[in-house]
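The values are calculated or read from the model by the stated rules, or taken from the named source; none is laboratory data. Because the structure is predicted, anything quoted here is derived from the model rather than measured. Cβ sites come from the backbone with ideal geometry, for glycine too, and all protein chains shown count toward neighbours. For the accessible areas, the whole protein counts, side chains as well, though only heavy atoms, and no ligand, DNA or RNA atoms are used. Shrake-Rupley method; radii C 1.70, N 1.55, O 1.52, S 1.80 Å.
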Amino acid sequence: MSATPHQPTVTEREARQVAEAAREQDWRKPSFAKELFLGRFRLDLIHPHPMPAEDDVQRGEEFLAKLRDFCETKIDSARIEREAQIPDEVIDGLKDIGALGMKIDTKYGGLGLTQVYYNKALALVGSANPAIGALLSAHQSIGVPQPLKLFGTQEQKDVFLPRCARTDISAFLLTEPDVGSDPARLATSAVPDGEDYVLDGVKLWTTNGVVADLLVVMARVPKSEGHKGGITAFVVEAGSEGITVENRNAFMGLRGLENGVTRFHQVRVPAANRIGPEGAGLKIALTTLNTGRLSLPAMCVGAGKWCLKIAREWSAAREQWGKPVALHEAVGAKISFIAATTFALEAVVDLSSQMADENRNDIRIEAALAKLYGSEMGCLMADELVQIRGGRGFETAASLAARGERAVPAEQILRDLRINRIFEGSTEIMHLLIAREAVDAHLSVAGDLIDPDKSLSDKAKAGANAGVFYAKWLPKLVAGPGQLPRSYGEFNRHVDLSPHLRYVERNARKLARSTFYAMSRWQGRMETKQGFLGRIVDIGAELFAMSAACVRAEHLRLTGQHGREAYQLADAFCRQSRIRVDELFGRLWSNTDDLDRKVVKGVLAGTYEWLEQGVIDPSGDGPWIADATPGPSRKENVHRPIR
C-alpha cells in the first residue's frame, strides 16, 4: 500500500535503524537469559530463588486480601460480558481501594507494591474479569505512571502521580491505523510553537482511551533550529480541546475493554509535559515495557489456575464408560499439561518479577520471554479446557445457566486470552525482538563484517575482534557440567530434577552452536530467516521455563510449601518441555521455510487464486486501512471519563 500524503515514506533499512536506535545498547547487569542464549547456563543468577523483603510481603498480602474481597463481592463478570462494559461503580470501587496506584510509590499516594505483588494482584483481578485486569495493567504498566517513574522530572511526578494513584485513569497511545510494530512510519506530529507543542494525528487501539483522564502520546517532532526532533513522548490531558474519541472498538474478547480511536487536531501540549528529551520516545516506550510486559503473563498465570480448577472439578464429575473422564488417558494428558504448565509459568513470572524488584539482573530478555511464553501457553491451556468440557466448552456461560447448569465461561476465557498473543508485541515481533538481543554479543564483535556500509578497514578490524572472541567462546561450547552425571545434585530430592538441569545446560550450548552456525551460513541474510530465529527463541523460552520450574520447586521445598508436589509438577513440566525442545531443534534444519516463501509469492501473485473459488465473502465494503489524514473530527466524541 502506498503511503498516504502525511505518512512518512520509510525504507526497510531506515525502519531497522529507528528500531535499533531505540534499543537499550548496554548490558550493565548480568542476564540469565542472555547467558543462556550464549551457551552459558548461569544457574547462580537465579538459584537460590531470590526472596522478597518481609515488609513487602506483608503490604502485598494485606492488599491481596482486600482485593480478593472486592472481586468476590463487587465484580459481576457475567454482567460485564453481557453489557460489554465495566460498571462505573466497579471502577470507582477499584479507585477507593487504591488499585490504580498499586505500582506507584507511597509518597505519591500509591500502594508501593513490588512487581511480584502487583502481578499477583493482576492475576487475581484478571481471573475475576480479564477486562478489568487489562484496564489496570494498561493504566500502570504502560500508561502514565511507569514512564514517569523511569524518565519523568520531579515536577511531573509531583503533578501527575498522585492523580494516577487515586482518581485518574491513563492510557498509552502509540499505534496508528497504518503503523503497528514499525514505528519509523509514525505520522502523528508534535510541532513546537512557543512554550507548547501542537499535536495532530490519529491513534488506534487506545486501551483505556475511551475513559482515560491522562494519555501518554508518542508523536513525531519535526527537526528544526533548536529542536533535535524525532519520536517523542508526552503526557496529555485527555479532555484537552481538539481531542476526540471517535470510536469505542469492539472485539471478540475482553468485551469490557475501553479501547478506542483517538484523533488529535491542533491540540496544545505544554513543553513541560514532554517526557524525556525529543527523540527519546521509542526508547522510553521499550524501556517501560521491559517490566511492563510481565503483567500479561501474570494474568495468563491466573487463567491457567482457573483452567486447572475447572478441569479438575468437571473431569471428576463427568463420567464416561464407567469412570471419570479425567481417568481416560486422552483427557488426563490435557489435565497434566494444564497443571504442569501453570506451575512453570508461575515460576517464570515470579522469578522474573522478583529479579525486577531486586534490580540485580537485567531482565529485558526474561520479561520478553515471559510475555511470549505466557501468551502462547495461556491460549493452549484455555483451548484444552474447552476441549475437556466438550460441547459445554463451546456453549456460553449464559446459555449453560439458562438450561440449569453451572455457568462456566470456558469459551470466554479462550476469547479473552487470544489478544495476549498480539498485545504489547505480537508473538512474531517478540521472536524478532528477543532474537536481536540473543545475538547482540555476536553483532557487537562481528556486526561490521556483514554491514554493507562499512569500509574494508572497518571489516578488517571487526574480523580481528571476532577472531579473538570466538577463539575464547567456541571451545567452551564443547563440554560442560551437563555431561557430568552428578551435576546439580542438590535438586535430587523427592524426584530427581538434576537430569533436567543437565539437559538445559547441554542444550544451551547446543543452542549457541546452532546460532553461530546459522550466522556463519547466512551472515547478513540472518535477519530474514524469521522461521529459524523464532525456533531459536522458542527453544530458549523452554529452557528458561525449565530452569525456573526447577528452581521454584526447590524454593518451595526449602520453605515447606508443597515441596514434594512441586517437584512432581516440575518433573512433569520438564519432561513435556524436553519433547518440545527436541522437536524444535529438529525443525531448525528440517523445515519447509524455503518452500513456504515460494508458495507465499505465488499466493500474492494470484497463482492460486482459483483455489478461492466456491465461497462467498461476507466481509463488508471499505478500505483495508482507515484514512488517518490529520484534521478536525467529523464524529461525535464518545470520551466518557469516570468521575
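What does the charge count near residue 557 come to, summing +1 for each Lys or Arg and -1 for each Asp or Glu among other residues with Cβ under 14 Å from its Cβ? With Lys, Arg at +1 and Asp, Glu at -1, the net is -2. Taking label positions 7 Å along the Cα-Cβ direction at both residue 167 and residue 459, the computed distance is 6.4 nm, reported to one decimal.
Distance from a point 7 Å along Cα→Cβ of residue 600 to each backbone N in the range 531-547: keep the residues under 11 Å and list them by number. Correct set: 531-532. Between 129, 206, 508, the Cα set farthest toward the positive side of the dipole of the chain (charges on each charged residue's Cβ, about the Cα centre) is that of 508. Assuming charge only on the beta carbon of Lys and Arg (+1) and of Asp and Glu (-1), the dipole of the chain about its Cα centre is about 1720 debye to the nearest 20.
Across the range 33-38, computed HN-Hα scalar couplings (Karplus, 6.51 cos²θ - 1.76 cosθ + 1.60, θ = phi - 60°) run 5, 4, 5, 4, 5, 8 Hz from first to last residue, x flagging Gly and Pro.
Think of the chain as having a plus end and a minus end, set by charges on the Cβ of Lys, Arg, Asp and Glu; of 412, 430, 106, 430 sits farthest toward the positive end of this dipole. The charge dipole of the range 476-602, taken about its Cα centre with unit charges on the Cβ of Lys, Arg, Asp and Glu (plus for the first two, minus for the last two), comes to roughly 380 debye. The label point for residue 637 and the one for residue 320, both projected 7 Å from the Cα toward the Cβ, are 5.6 nm apart.
Positive end of the dipole of the chain (Cβ unit charges, origin at the Cα centre): among 528, 299, 181, the Cα lying farthest that way belongs to 528. Within the straight-line cut-off of under 17 Å between alpha carbons, the aspartates and glutamates reachable from residue 203 are 176, 178, 182, 213, 237, 241, 246, 258, 424, 627, 636, sequence neighbours fewer than 8 places apart in one chain being disregarded.
The stretch between residue 78 and residue 268 holds 64.3 nm of extra length on full extension. This uses 0.36 nm per residue minus the Cα-Cα distance. A 1.4 Å probe run over the chain, with the rest of the protein chains in place, finds 45 Å² accessible per residue. Taking the inverse of the mean reciprocal distance over all distinct Cα pairs, the Kirkwood hydrodynamic radius of the range 146-221 comes to 13.7 Å. Within straight-line reach of residue 95, meaning a Cα separation under 12 Å, sit the following aspartates and glutamates at least 8 residues removed in sequence or on another chain: 168. Ordering of 576-587, 407-418 by packing is 407-418, 576-587, highest average first (other Cβ atoms within 10 Å, averaged per residue). Loop-located trypsin sites (Lys or Arg not before Pro) across the range 299-383 with a Cβ neighbour count of 14 or fewer within 10 Å are 360, with loop assigned by DSSP.
Pairwise Cα distances in the chain exceed 37 Å for 40 percent of all pairs. Taking amide H atoms as placed 1.01 Å from N in the peptide plane, the amide H of residue 31 lies under 5 Å from those of 362, each 5 or more residues away in sequence or on another chain.
Here the accessible area is traced with a 1.4 Å probe on the protein chains. For the chain, carbon and sulfur cover 54 percent of it. When +1 charges are put on Lys and Arg Cβ atoms and -1 charges on Asp and Glu Cβ atoms, the dipole computed for the range 99-226 relative to its Cα centre reaches about 640 debye.
Inter-label distance, residue 27 to residue 223: 3.2 nm, where each label sits 7 Å from its Cα along the C-beta direction.
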